[in-house]
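*Asks:* One structure follows; several queries about it will come next.
The values are calculated or read from the model by the stated rules, or taken from the named source; none is laboratory data. These numbers come from a predicted model, not from an experiment. Because the Cβ atoms are built from the backbone with ideal geometry, glycine has one as well, and the counts that use them run over all protein chains shown.
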Amino acid sequence: MIGTGYCWQHLLMFYHLRIGPSTITKGDKSIGYGLFAAGPPGSVVFRKGEVVVYYGGEQCSDKTMNDRYGEFTAPYGLEVGKKGSEVGYDGACDRGVGNLVNHKPDLKANTRFSVTTVDGEKIPCLRASKSIRANQELFVDYGREYRMNGRLHGKHDTRSIHKGHPFWYYT
């Protein structure tokens, strides 16, 4: 993973997270990797409202995003914040471990995109939208924050070309 900055032991020790095969499957195979809460079995690792992980990415304007991607989806692009005052981030070149969080519709997601301030700098993050227990995979509804263009905007989680066709969620 580009830019995580942590080996698996430090990810576990400092952030209570681990990377593993996603529980989302296509046929009998996992769609790839996901991010999981790590802690003693049955324990609550993250409480509602807590920052779970920083998303990672370069802060950039909407114009920069449009210059880079045009009509195409920015696979790791976010626009986070209140309508009209969104802050854009592109995680494509400066990825953090938060980029591994997969999509589930809002009611099944256990995190949400947010912005937190660290030393006066706005940083994209994922916050727990409900209590998350050990060994649960983290999911976020890509929602309106996910910078997806085109006629299918908001209909599915567009995946980058190298990962194959988009995976549709009906459950």
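*Asks:* When the residues of the stretch 33-56 are narrowed to those that are over 14 Å from the mean Cα position of the chain (by Cα) and more than 12 Å from THR111 (Cα to Cα), which ends up surrounded by the most Cβ atoms within 10 Å (Cβ to Cβ)?
*Replies:* For the stretch 33-56, the residue satisfying everything is VAL45.
*Asks:* Inspect all residues belonging to the stretch 85-101 and state whether any of them is basic (Lys, Arg) and either touching an Asp or Glu at 6+ places or on another chain (Cβ under 8 Å) or modelled with pLDDT of 80 or more (or both).
*Replies:* no
*Asks:* Follow-up question, since we're still on this one. If I ask for residues that are in a loop (DSSP other than H, G, I, E, B) and either farther than 16 Å from GLY34 by Cβ or under 17 Å from the mean Cα position of the chain (by Cα) (or both), which ones from the stretch 118-134 would you list?
*Replies:* So in the stretch 118-134, the residues in a loop (DSSP other than H, G, I, E, B) come out as 119-120, 129-131, 134.
Once the filter is applied, which keeps residues that are in a loop (DSSP other than H, G, I, E, B) and either farther than 16 Å from GLY34 by Cβ or under 17 Å from the mean Cα position of the chain (by Cα) (or both), the stretch 118-134 yields ASP119, GLY120, SER129, LYS130, SER131.
*Asks:* Pull up the stretch 34-67, narrow it to residues that are hydroxyl-bearing (Ser, Thr, Tyr) and free of Cβ contacts under 8 Å to residues at least 40 places away in the same chain, then point me to the one that is farthest from TYR89 (Cα to Cα).
*Replies:* Ranking the qualifying residues of the stretch 34-67, first place goes to THR64.
*Asks:* Go through (1) surrounded by fewer than 17 Cβ atoms within 10 Å (Cβ to Cβ); (2) at pLDDT below 75; (3) in contact with a strand residue (DSSP E or B) (Cβ under 8 Å, 6 or more places away or on another chain); (4) hydroxyl-bearing (Ser, Thr, Tyr) and name the single condition THR64 misses.
*Replies:* Result: THR64 fails condition (2) only.
*Asks:* Could I ask something else about it? Suppose we keep only residues that are free of Cβ contacts under 8 Å to residues at least 60 places away in the same chain and among the β-branched types (Val, Ile, Thr) within the stretch 100-134. Which one would you say is surrounded by the fewest Cβ atoms within 10 Å (Cβ to Cβ)?
*Replies:* Here the residue is THR117.
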